[in-house]
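Enquirer: Take a look at the following structure, please.
The values are calculated or read from the model by the stated rules, or taken from the named source; none is laboratory data. Computed from a prediction, not measured in an experiment: that's the story for all the values here. All Cβ positions, even for glycine, are placed from backbone atoms using ideal geometry, and neighbour counts span all protein chains on display. Areas reflect the complete protein model, heavy atoms only, side chains present, ligands, DNA and RNA absent. Shrake-Rupley method; radii C 1.70, N 1.55, O 1.52, S 1.80 Å.
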Amino acid sequence: MSEQAAQAIVGNEQSEASREVVSPPTRKPAGTRAVPKWEADARDRVRAAIRRYSKPLTDLIARDANEGDTRLLITDFLCAGLGYDKYDDLTTEYQVKGEFADYGIRIDKQLVAFIEVKRCSQKLNAKHLRQVQMYAVNEGVEWMILSNGQVWQAYHMTAGLPVVIDLALEVDLLSEAGLSAKTDALFYLTKEAFKRRLIDDLWRARAATSPKSLAQVLLSDVVTDAVRKELRRQTNHNADVGEIHRILRSEVLRPETLL
């Protein structure tokens, strides 16, 4: 074999080898979002805190611990799990017109939320919400958090006459829900998420698809007229728009969505 032929064969083998090892760049599935490091770190911290404090929380509930003991666990969770500095970001016994809120949360020295704590064995209710709502109204704070250590609720307040209160999230640390679902919910209460106002985005999404908002859409002229046309197409009956509206209000939709 000639030297030129040998070189040609070697060249072809090298080209084949090159083609075997070169692969197209990996593409991320459509719709996936690159998670920034700060968010990944925050989620990891929340996930670890849920694991860490589930046993102490269960013990507190078993012995029916008082509100003070519950507050100790919540302070630890706020710091170790949600990323707040107990000296710079949290203020306790915040005075509002002679009353004292359990916690105030500060972001960049600005008060952004109140937290009302109840003993671990006490179920959160509307009375507790009204209590923290008074603090929020007087201080012009939009966010209110209720917690007994096990259940965490975050409410948004829209000022006006009357004020509008919306539940933005609720998570039970001891429920059968998966760890990922609990982490996803509590992430919005972290310092990082609050600082970037991600919880505001969550609230707007929940408010837009709330039963009350959907009821208003269903009772709009556009939708009731569309219902009339579809009924005529299916039944040949040309119903009155006013009658459709009345039936939707009185017989189809739940009364509490119409308030």
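Enquirer: Residue by residue through the stretch 160-175, what is 3J(HN,Hα) from phi via Karplus (6.51 cos²θ - 1.76 cosθ + 1.60, θ = phi - 60°)? Round to whole Hz and write x for glycine and proline.
Expert: Whole-Hz 3J(HN,Hα) from phi for the stretch 160-175: x, 10, x, 6, 10, 10, 10, 7, 8, 7, 8, 9, 10, 5, 10, 6.
Enquirer: Moving to a separate point now. Counting only heavy atoms of protein chains, what accessible area per residue, in Å², does the stretch 93-185 have with a probe of 1.4 Å?
Expert: 48 Å²
Enquirer: May I ask you to compute the full-extension gain from residue 67 to residue 195, defined as 0.36 nm times their residue separation minus their alpha-carbon distance, rounded to one decimal in nm?
Expert: Length difference between fully extended and current span is 43.2 nm.
Enquirer: Here's something else I'd like to know. Could you work out which residue, out of 104, 149, 140, moves most in a Gaussian network model of the chain, that is, has the largest mean-square fluctuation with Cα springs under 10 Å?
Expert: Its mean-square fluctuation being the largest, the pick is 140.
Enquirer: Now for a separate question. What are the ³J(HN,Hα) values, in whole Hz, obtained from phi via the Karplus relation 6.51 cos²θ - 1.76 cosθ + 1.60 with θ = phi - 60°, for each residue of the stretch 230-235 in sequence order, with x given for Gly and Pro?
Expert: Working through the residues one at a time gives 5, 4, 5, 5, 7, 10 Hz.
Enquirer: With +1 on each Lys and Arg Cβ and -1 on each Asp and Glu Cβ, how big is the dipole of the stretch 110-227 about its Cα centre, in debye rounded to the nearest 20?
Expert: Here the stretch 110-227 has a charge dipole of around 420 debye.
Enquirer: Pop out the carbon and sulfur fraction of the accessible area of the chain as a percent, whole number, probe 1.4 Å.
Expert: 53 percent
Enquirer: Once fully extended, how much extra length lies between residue 54 and residue 177, figured as 0.36 nm per residue of separation less the alpha-carbon to alpha-carbon distance?
Expert: 42.9 nm
Enquirer: Given springs between every Cα pair under 10 Å in a Gaussian network model of the chain, which of 206, 33, 119 has the largest fluctuation?
Expert: 33
Enquirer: Would you mind checking 127/195; 123/195; 191/212; 118/212; 55/195; 55/123 for any pair whose Cα atoms are more than 24 angstrom apart?
Expert: 127/195; 123/195; 191/212; 118/212; 55/195
Enquirer: Go through 219, 234, 255 and say which Cα lies farthest out towards the positive end of the charge dipole of the stretch 213-257; charges sit on Cβ, +1 for Lys and Arg, -1 for Asp and Glu.
Expert: Positive-most Cα among the choices belongs to 234.
Enquirer: With the crude spin-label approximation of a point 7 Å out along Cα→Cβ, what separation in nm comes out for residue 163 versus residue 240?
Expert: 4.4 nm
Enquirer: Hey, got the dipole for the chain? About the Cα centre, +1 on K and R Cβ, -1 on D and E Cβ, debye to the nearest 20?
Expert: 480 debye
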